[in-house]
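Here is the structure we will look at.
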Amino acid sequence: MTGYIRSIRKILKVQSENKKADLHVHTNFSDGTFSPEQVVEYAVKKGLVAIAITDHDSVEGIGPAIKAAHGKSLEIIPGLEFTTEFENCEVHILGFFVDYTKKWFVQELLQLRQMRHTRMQKMIACLSKKDIKISMDDVKGISGEGSLGRLHLAKLLFQQGHVQSVQKAFDKFIGSGKPCYVTGDRISPVDAIEMISKAGGVPVLAHPHTMGKDKFISKFAKAGLKGIEVYHSDHGIAAVNHYKKIAEELSLLMTGGSDCHGMGKGRVMMGTVTVPYDVVEQLKNAR
Ligand code: AMP
Ligand code: FE
Ligand code: FE
Ligand code: ZN
């Protein structure tokens with residue numbers, strides 16, 4: 001390789017590293033507080049070149065986000081985040097570049113959201129036994145048409161004065177292992193991996209540190225998992241280095257994102273965890 005080509009490659013590499021992508025963003029089609037239009041506006045303001053819309057069990061926010069980004073220097077990656085369960089452990093699986101218009105896929109997601117509705121009814125019933133009277137309409141007043149989730153319920157519990165903060169709602173009632181934690185009828189990570197692949201997308205394990213079961217990762221890789229989310233708001237330096245090593249060992253892609261929920265988690269996190277645009281190219285090539 002000549003010195004000229006080497007320096008051109010170096011320039012291109014630096015350019016790519018300067019192009020930042022946040023590959024984990026929620027909208028109000030799940031438990032984020034920003035509409036897809038507000039998400040796009042914020043991402044442009046932050047100077048991001050790409051964001052992945054990754055709502056819980058929903059692809060409804062993707063179309064509006066693509067429309068809002070039209071004519072702007074922002075690429076919208078169609079994605080989602082499946083909630084699944086494996087050996088009594090909650091596992092989140094991200095899907096990137098899914099064909100979100102496929103009828104069977106949209107139908108499967110509708111079923112998962114119906115399951116979220118049933119699960120919410122169970123959580124409301126449990127809280128009622130603790131003399132906390134909440135109606136589904138109250139929860140829907142917070143969630144709107146969004147994929148119903150615990151963050152909506154936590155916010156309501158806080159607003160109605162049953163807990164002193166949104167976090168306390170999880171710590172006291174609906175966090176994993178707490179008295180009104182209801183898992184619902186969940187699919188397995190292998191189902192999610194297969195659905196994402198069938199919809200032409202790339203399955204990636206979300207925030208493995210929160211899952212906390214490293215031994216699962218090689219099993220999921222055998223089922224078709226293509227990457228792990230090494231960079232995430234809940235991952236400190238030690239966790240990042242740990243999951244980088246695992247990704248290298250298993251030849252998995254390394255993605256990253258903020259897991260922004262608008263104001264849903266107290267502050268807007270979009271753009272605080274990013275990866276170089278190169279990772280987006282890698283995901284495109286992995287389809
Ligand atoms: P769901 O999809 O209904 O299971 O709710 C998941 C949402 O609740 C995600 O946005 C999580 O970040 C949030 N969440 C789950 N557990 C906790 C917790 N212990 N503390 C704060 N937020 C949590
Ligand atoms: Fe969420
Ligand atoms: Fe998640
Ligand atoms: Zn998320």
Being touching a residue at least 40 places away in the same chain (Cβ under 8 Å) and surrounded by 15 or more Cβ atoms within 10 Å (Cβ to Cβ) is the filter here, so list the residues in the range 201-216 that pass it. Gly201, Val202, Pro203, Val204, Leu205, Ala206, His207, Thr210, Met211, Phe216
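Kindly check whether there is at least one residue in the range 246-264 that is within 16 Å of ligand 3 (Cβ to nearest atom), surrounded by fewer than 17 Cβ atoms within 10 Å (Cβ to Cβ) and of a type outside the set (S, T, N, Q).
Looking through the range 246-264, none of the residues is within 16 Å of ligand 3 (Cβ to nearest atom), surrounded by fewer than 17 Cβ atoms within 10 Å (Cβ to Cβ) and of a type outside the set (S, T, N, Q).
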Given (1) closer than 16 Å to Ala206 by Cα; (2) within 16 Å of ligand 4 (Cβ to nearest atom); (3) in contact with a helix residue (DSSP H, G or I) (Cβ under 9 Å, 6 or more places away or on another chain), Glu81 misses just (3)
Within the range 217-245, residues surrounded by 14 or more Cβ atoms within 10 Å (Cβ to Cβ) and either acidic (Asp, Glu) or touching a Lys or Arg at 6+ places or on another chain (Cβ under 8 Å) (or both) come out as Glu229, Val230
Tell me whether the range 236-254 contains one or more residues that are within 16 Å of ligand 2 (Cβ to nearest atom) and touching a residue at least 24 places away in the same chain (Cβ under 8 Å). no
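For residues in the range 131-151 being within 21 Å of Gly262 (Cα to Cα) and outside any helix (DSSP H, G or I), which is nearest to ligand 2 (Cβ to nearest atom)?
Among those that are within 21 Å of Gly262 (Cα to Cα) and outside any helix (DSSP H, G or I), it is Gly149.
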Number of the exception - Arg116 against (1) in contact with a Lys or Arg (Cβ under 9 Å, 6 or more places away or on another chain); (2) farther than 21 Å from Ser197 by Cβ; (3) within 15 Å of ligand 4 (Cβ to nearest atom): (1)
How many residues, within the range 141-172, are more than 29 Å from Glu108 (Cα to Cα) and touching a Leu at 6+ places or on another chain (Cβ under 9 Å)? 7
Which listed residue is closer than 22 Å to His207 by Cβ, more than 16 Å from ligand 2 (Cβ to nearest atom) and crowded, with 18+ Cβ neighbours inside 10 Å, from Phe97, Phe105: Phe97
Would you list the helices (runs of 4 or more DSSP H) that sit entirely within the range 175-287 and hold 2 or more residues that are closer than 30 Å to Gln121 by Cα? 189-198, 208-211
Restricting the first residue to the range 27-39 and requiring it to be under 10 Å from Glu60 (Cβ atoms) and touching a residue at least 40 places away in the same chain (Cβ under 8 Å), which pairs with a second residue that is among the hydroxyl-bearing types (Ser, Thr, Tyr) and within 15 Å of ligand 4 (Cβ to nearest atom) meet a Cβ separation below 8 Å and a spacing of at least six or different chains? Phe29/Ser58; Phe29/Ser147; Ser30/Ser58; Ser30/Ser147
Where residues in the range 202-223 are at pLDDT 95 or above and within 16 Å of ligand 4 (Cβ to nearest atom), which of them is farthest from the chain's Cα centre (by Cα)? His209
Tally time: how many residues in the range 160-174 are outside any helix (DSSP H, G or I) and either within 16 Å of Val139 (Cα to Cα) or within 16 Å of ligand 4 (Cβ to nearest atom) (or both)? 4
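The values are calculated or read from the model by the stated rules, or taken from the named source; none is laboratory data. Only a predicted model underlies this, so the values are computations on that prediction, with no experimental measurement involved. Backbone-built Cβ (ideal geometry, glycine too); neighbour counts: all protein chains shown.
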